[in-house]
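Asks: Just passing along the structure, written as structure tokens.
Every read-out reported here was derived from the displayed coordinates using simple, explicitly stated rules and does not represent laboratory data. The model shown is predicted, which means the values in this text are computed figures rather than measured ones. No Cβ is skipped: glycine too gets one built from the backbone with ideal geometry, and neighbour counts run over all protein chains shown.
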Amino acid sequence: MALLAVEDAQETLLKTAVPVSRRETLKLDAADGRVLARDIQARLTQPPFDASAMDGYALRAADAPEPGATLKVIGTSAAGHGFAGTVGPGETVRIFTGAPVPAGADTVLIQEDAEKLEGHAIRTTFAVTKGRHIRPRGQDFAEGETVLTAGTRLDFSRLMLIAAMNHESVEVFARPLVAILATGDELVPPGTPPGPHQIIGSNTFGIGALVRQAGADVIDLGIVPDNRDRITAAIDKARAAHADVLVTLGGASVGDHDLVQSTLLAAGMRLDFWKIAMRPGKPLMVGELDGMHVLGLPGNPVSSMVCGLLFLEPLLARLSGRPAISRLAMARTATALPANDKRQDYLRARLSRDADGSLLAESYGKQDSSMMKIFAQSDCLIVRPPHAPELPVGAETAVLLLRPLEN
């Protein structure tokens, strides 16, 4: 199978991905970041009455067309404790922010524009305007109004709004479920003394974190040795759990000890593509098994994570019904970069800013795909398209951000 361009591989992967249709109902305090599965209508009108927007005095605008009007204070209207009477000619009610505007009043004079007089009276020091400083009933939303629609991602402002509409829970789409399977006789879990020919299996933790940050849930199928029966049993666990995505780590090539691809094919997987024209991450496998997306990521840790960023993260965004995370930015090279070959390169680099605030990307000298320390120290990946010419210092280049930019 010929090497596939990165963009073509991404397009092929995403064109069959549709948002998860499963739904669940959550309390508002558990719904942050989730996506609404149905429209939300207001259960009440907000504000439920004409309310004062300021501390001051509720009065009739006709009684104070000019500064100097004297008005009798006949009562108080506070939040939660409105004035029950009616404001008549020459009268006013002391009012506080959020309190109901009493019957008869049609404006609010702020307290700074009123002079207190003896005998429960005030004198206006500013001309009033009818309707001033009053929040009319229903100004925000009305009972029965559709305020948020299905497909909206919930955040702090939208959860506040839903609560104000008198909903204590919401119906949302379920998170995509991702089963992660690490394979290899050489792998042992962290905290285990490795044998003379073994290494610590770390990819699961990086990919698991990426999955959770993308808004999905994880089933960890553990580390399975290079054994067809054991790999088949793990695949069956993912199917039984109705995972939306099966991510395998390592073993996707076709060497004598790489059994993942052949075992998945024997289980009925449709192989969409294998081998991408990229570095690191060439041996990436993508397929489908009984409606479950299958991503076979390389065993080398950095290759695995780069493929996760380029393929798994956008897939999970599509399955979640959320917009894809935008990681691309432009920077200038801090070091010269050699011409590239036929594969698209992703070079680990650190970011800084020059005197005018522009981003500078400095590539690390060593780019071996097993070197995790450099990857963890990197801020971005410099993107080098196939057959890209040599770039001098100061040239513009695309970068893939690994974490949010700091000022």
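Asks: So how strong a dipole does the chain carry about its Cα centre when Lys and Arg Cβ are +1 and Asp and Glu Cβ are -1, to the nearest 20 debye? Intermediate results must be reported in sequence, preceding the final value.
Replies: Values: 41 positive and 47 negative charges, 44 e Å.
It works out to roughly 200 debye.
Asks: Same structure, new question: Quote the charge dipole size of region 328-401 about the Cα centre in Debye, to the nearest 20; the model charges only the Cβ of Lys and Arg (+1) and of Asp and Glu (-1). It would help to have the intermediate numbers written out before the result.
Replies: On the way: 9 positive and 9 negative charges, 49 e Å.
So the magnitude is around 240 debye.
Asks: A follow-up question, please. By how many degrees, between 0 and 90 and to the nearest 10, does the Cα long axis of helix 6-15 differ from the longest principal axis of the chain?
Replies: Orientation of helix 6-15: about 60 degrees from the principal axis.
Asks: Among the aspartates and glutamates, which have Cα under 18 Å from the Cα of K72 when same-chain residues fewer than 8 positions away are ignored?
Replies: D55, D63, E91, D106, E112, D113, E115, E118
Asks: Would you work out the relative contact order for region 23-112, in percent, from Cα pairs under 8 angstrom that are 6 or more residues apart?
Replies: Relative contact order of region 23-112: 35 percent.
Asks: Find which of Y346, I95, T124 sits farthest along the positive direction of the dipole of the chain, computed with +1 on the beta-carbon of Lys and Arg, -1 on that of Asp and Glu, about the Cα centre.
Replies: Comparing the listed Cα positions along the dipole, Y346 ranks first.
Asks: Hey, if you put +1 on the Cβ of every Lys and Arg and -1 on every Asp and Glu Cβ in region 328-401, which of M372, G394, L328 ends up farthest toward the positive end of that dipole?
Replies: M372
Asks: Can you tell me the dipole magnitude for region 51-135 around its Cα centre, using point charges on the Cβ only (Lys, Arg +1; Asp, Glu -1), in Debye to the nearest 20? Please list the in-between numbers first.
Replies: Working: 8 positive and 9 negative charges, 40 e Å.
It works out to roughly 200 debye.
Asks: Now for a separate question. If neighbour count is taken as other Cβ atoms inside 10 Å, put M160, M371, M165 in order from fewest to most. If you can, show how the numbers build up before the last one.
Replies: Working: M160 11, M371 16, M165 20.
Ranked by crowding around the Cβ, least crowded first: M160, M371, M165.
Asks: Still on this structure, please answer the following. In the set (1) 0.95; (2) 1.22; (3) 1.02, which value of Rg/Rh (Cα atoms, Kirkwood Rh) was calculated from the structure you see?
Replies: The calculated read-out lines up with (2).
Asks: May I pose another question? Rounded to the nearest Å, what's the spacing between the alpha carbon centres of region 338-376 and region 46-71? Just the number, please.
Replies: Using only Cα atoms, the two centres lie 64 Å from each other.
Asks: Say we join alpha carbon atoms closer than 10 Å with springs in a Gaussian network model of the chain; which of D106, D345, D290 then has the biggest fluctuation?
Replies: Comparing D106, D345, D290 in the GNM, the peak value goes to D106.
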